[in-house]
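First the structure, in the form of structure tokens, and then the observations on it.
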Amino acid sequence: MSLPSNLNPDEASPPWLNKGDNSWQLTAATLVGLQSVPGLVILYGSIVKKKWAVNSAFMALYAFAAVLVCWVGWGYRMSFGDKFIHFLGMPNVSLDAQYLIEQAFLGYLPNATMIYFQFVFAAITLILVAGALLGRMNFLAWMLFVPLWLTFSYTITAYSIWCPEGWLSKKGIIDYSGGYVIHLSSGVAGFTAAYWVGPRTTKDKERFPPNNILLMLAGAGLLWMGWTGFNGGDPYTVSTDASLAVLNTHVCTATSLLTWLMLDIIFFGKPSVIGATQGMITGLVCITPAAGVVQGWAAILMGMMSGSIPWYTMMVLHKKIGFLKQVDDTMAVFHTHAVAGSLGGILTGLFAVPKLNRLFYLVDNWQHYIGFFYGLHTGHTTAGFRQLGIQLLGIVFVVLLNIFTTSVICLLIRLIIPLRLAEDELQTGDDAIHGEEAYALWGDGEKYESKLNSIYEEFPPPSKGGE
């Protein structure tokens with residue numbers, strides 16, 4: 001059977017390249033990129049106080065650009081390249097054209113596609129870390145933090161868990177799309193960095209109203225819809241498992257949002273829009289490590305738990321535990337990402353279906369990738385216990401690594417430049433830091449009289465005596 005001419009292999013489309021897979025991977029990567037730019041740029045710029053809108057949005061935009069340069073310079077090879085040590089790849093550039101058009105380590109894709117796809121995940125991780133630091137971190141310190149944390153924290157976690165040569169990958173940890181590598185990492189790192197940077201001003205902590213809730217919802221919507229690529233792109237192929245992952249993602253997220261909303265109504269009497277957004281985020285985070293390896297009913301159960309357990313830790317425990325109250329985590333990334341990411345990792349260890357794992361990992365060994373409940377059901381109890389143990393080991397590893405590396409990075413930066421803005425900058429916000437403000441509203445920064453003058457200056461003054 002002859003193929004259509006546009007599907008015949010040639011020099012630009014070698015036999016190993018699948019055009020459908022490659023086009024979906026580029027699309028999925030762009031969807032994930034849109035979660036950050038403009039998604040989180042809009043969300044951060046809208047959910048904070050007006051005087052921090054520009055600074056918060058620009059922290060996200062800067063991180064996106066800085067990560068890409070570091071990623072092609074050395075980060076990708078450290079995360080997915082040749083083995084350097086058992087938890088890290090050899091640093092190397094990813095800019096040579098011959099390397100970029102060669103087959104990637106997995107799938108029917110060129111290296112250029114894989115580098116782009118993995119970059120947007122690395123970028124959003126740093127932007128999520130920024131969420132804990134909004135409203136007081138020195139922007140110059142943030143400029144140093146981004147490349148350092150990417151180099152000495154993210155690459156280690158990504159290599160250990162996602163690279164086929166990584167030590168946790170070889171043990172059989174299940175992290176479908178970043179519950180550990182992205183969300184648990186960013187939640188712990190953000191909370192740790194918030195501790196070292198210090199809190200916002202007392203006035204900002206006591207009252208920090210969003211400057212535009214409608215725009216906040218627009219950013220949240222981009223985040224939610226972009227998760228189609230976030231979880232749907234991780235099989236690296238247009239497979240049935242990718243379709244399952246996409247549906248599970250949205251089912252869990254919707255369930256989590258509704259659960260959080262109901263709890264807000266029951267205990268606080270009002271359906272909070274910001275609360276519903278937090279519930280949406282915890283649902284997205286919780287399903288991420290499990291997206292393509294659990295049943296639809298498990299996705300609903302995970303949504304119910306991700307909408308209630310992080311709600312409890314944020315609304316109840318946070319107010320009772322002194323250390324949690326002491327650390328000023330602006331966007332509550334500890335609860336929405338560290339707690340929800342850990343919850344997702346554990347529930348993956350309970351609900352992972354062996355058959356679905358075989359579709360994703362393309363392995364036949366039943367001793368790996370089997371959820372605890374399915375281990376009990378099939379008589380492979382030891383294997384189920386082992387999987388749950390590996391999931392817990394991954395949590396311990398990511399938590400300890402990020403507490404240590406983030407602390408060291410913050411302390412090193414503090415030797416060079418203050419981590420926290422000066423008091424006068426904290427009082428003023430965007431104008432003091434960037435010389436720019438988010439909204440040029442009528443009368444802002446000008447006297448009432450001068451504004452009137454500018455309105456009428458085009459008309460001549462009335463003449464005297466009726467002349």
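The values are calculated or read from the model by the stated rules, or taken from the named source; none is laboratory data. Please read all numbers here as calculations on a predicted model, not as lab measurements. For neighbour counting, all protein chains shown are included, and Cβ atoms are generated from backbone atoms with ideal geometry for every residue, glycine included. Surface accessibility is based on the protein's heavy atoms, side chains included, excluding ligands, DNA and RNA. Shrake-Rupley method; radii C 1.70, N 1.55, O 1.52, S 1.80 Å.
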Legend entry - Per-selection Rg to Rh, the chain - Cα, Kirkwood hydrodynamic radius: 1.04
Inset, instruction - Give me the number: length gained by fully extending Val273 to Tyr312, i.e. 0.36 nm times residue separation minus the C-alpha to C-alpha distance, one decimal in nm. - result: 12.3 nm
Legend entry - Inter-probe distance in nm under a simple model that places probes 7 Å from Cα toward Cβ, at Leu393 and Thr27: 3.9
Legend entry - Convex hull of Cα atoms in the stretch 1-57, direction-averaged projection (nm²): 5.8
Inset, instruction - Provide Phe64, Phe230, Phe267, Phe139 ordered by accessible surface of protein heavy atoms (probe 1.4 Å), highest first. - result: Phe267, Phe64, Phe139, Phe230
Legend entry - Per-selection metrics, the stretch 209-248 (Cα): Rg and Dmax in Å: 14.0, 44
Legend entry - Solvent exposure ordering (accessible area, 1.4 Å, most first) of Tyr159, Tyr108: Tyr108, Tyr159
Legend entry - P(r), alpha carbons of the stretch 230-341 - 10 Å bins starting at zero, rounded %: 16, 42, 28, 11, 2
Legend entry - Leu359-Phe139 FRET efficiency (beta carbon distance; Förster radius 45 Å; 0.05 resolution): 0.50
Inset, instruction - Between Leu95 and Asn8, with labels modelled 7 Å along Cα→Cβ, what's the label distance in nm to one decimal, could you check? - result: 3.8
Legend entry - Helix-only mean residue ellipticity at 222 nm for the chain, each DSSP H run of n ≥ 4 adding -39500 (n - 2.57), per residue, nearest 500: -18500 deg cm²/dmol
Inset, instruction - Tally up the carbon and sulfur contribution to the accessible surface of the chain as a whole percent, 1.4 Å probe, everything protein left in place. - result: 67
Inset, instruction - Mind jotting down the three principal axis lengths of the stretch 78-148 based on Cα atoms? Whole angstrom, largest first. - result: 44, 25, 20
Inset, instruction - Enumerate the amide H contacts of Phe84 below 5 Å, restricted to partners 5 or more residues apart or on another chain; note that Pro and chain-start residues carry no placed amide H. - result: Gly89, Met90
Inset, instruction - With all protein chains present, calculate the accessible area of Tyr312 using a 1.4 Å probe and round the result to the nearest 10 Å². - result: 100
Inset, instruction - Kindly state, to the nearest 0.05, the FRET efficiency for Thr201 paired with Trp297, given R0 = 45 Å and r defined as their beta-carbon distance. - result: 0.45
Inset, instruction - May I ask you to give the solvent-accessible area per residue for the stretch 16-425, in square angstrom, as obtained with a 1.4 angstrom probe? - result: 37
Legend entry - Neighbourhood charge, 13 Å Cβ-Cβ cut-off, centred on Thr288 and excluding it, Lys, Arg +1 and Asp, Glu -1: -2
